[in-house]
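Contents: one structure, followed by commentary.
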Amino acid sequence: MAEGQKPGGGHRLTLEGRGKLTATGIRRVDFFSDEQVAAQTDLGQLNIKGEGLHIEALSADTGDMLVTGKVAAVSYSEGGQALSLLGRLFR
């Protein structure tokens, strides 16, 4: 990680052709399946919905994430609490 850069230093989201989503500022991934990814960012919870979603890369050091698949929707929610293991399984 470059000097002066640290996790929690901002958030950026790039969607290329609805098939490749790149995000920075990811603090943690709370839930993922082939239809949904839920992650905590510096700006709140990021929700990605679609088909055939796959987390290709995720770096805990830099907070970078790459998701591929057919992205249908991207949304944010404010300050949601992390769900328990059972809550995530039955979401």
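The values are calculated or read from the model by the stated rules, or taken from the named source; none is laboratory data. Computed from a predicted model, the values in this text were never measured in an experiment. Cβ atoms come from the backbone with ideal geometry, glycine included; neighbour counts cover every protein chain shown. Ligands, DNA and RNA are excluded from the accessible area calculation, which covers all protein heavy atoms including side chains. Shrake-Rupley method; radii C 1.70, N 1.55, O 1.52, S 1.80 Å.
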Environment charge of Val74, counting only residues whose C-beta is closer than 11 Å and scoring Lys/Arg +1, Asp/Glu -1: +2
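Using a 1.4 Å probe on the protein heavy atoms, what percent of the accessible area of the range 6-46 belongs to carbon and sulfur? Write out the running numbers ahead of the final one.
Values: 1060 of 2250 Å².
Whole-percent figure for carbon plus sulfur exposure: 47.
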Label-point gap, in nm, between Ala57 and Tyr76 - each point 7 angstrom along Cα→Cβ: 2.4 nm
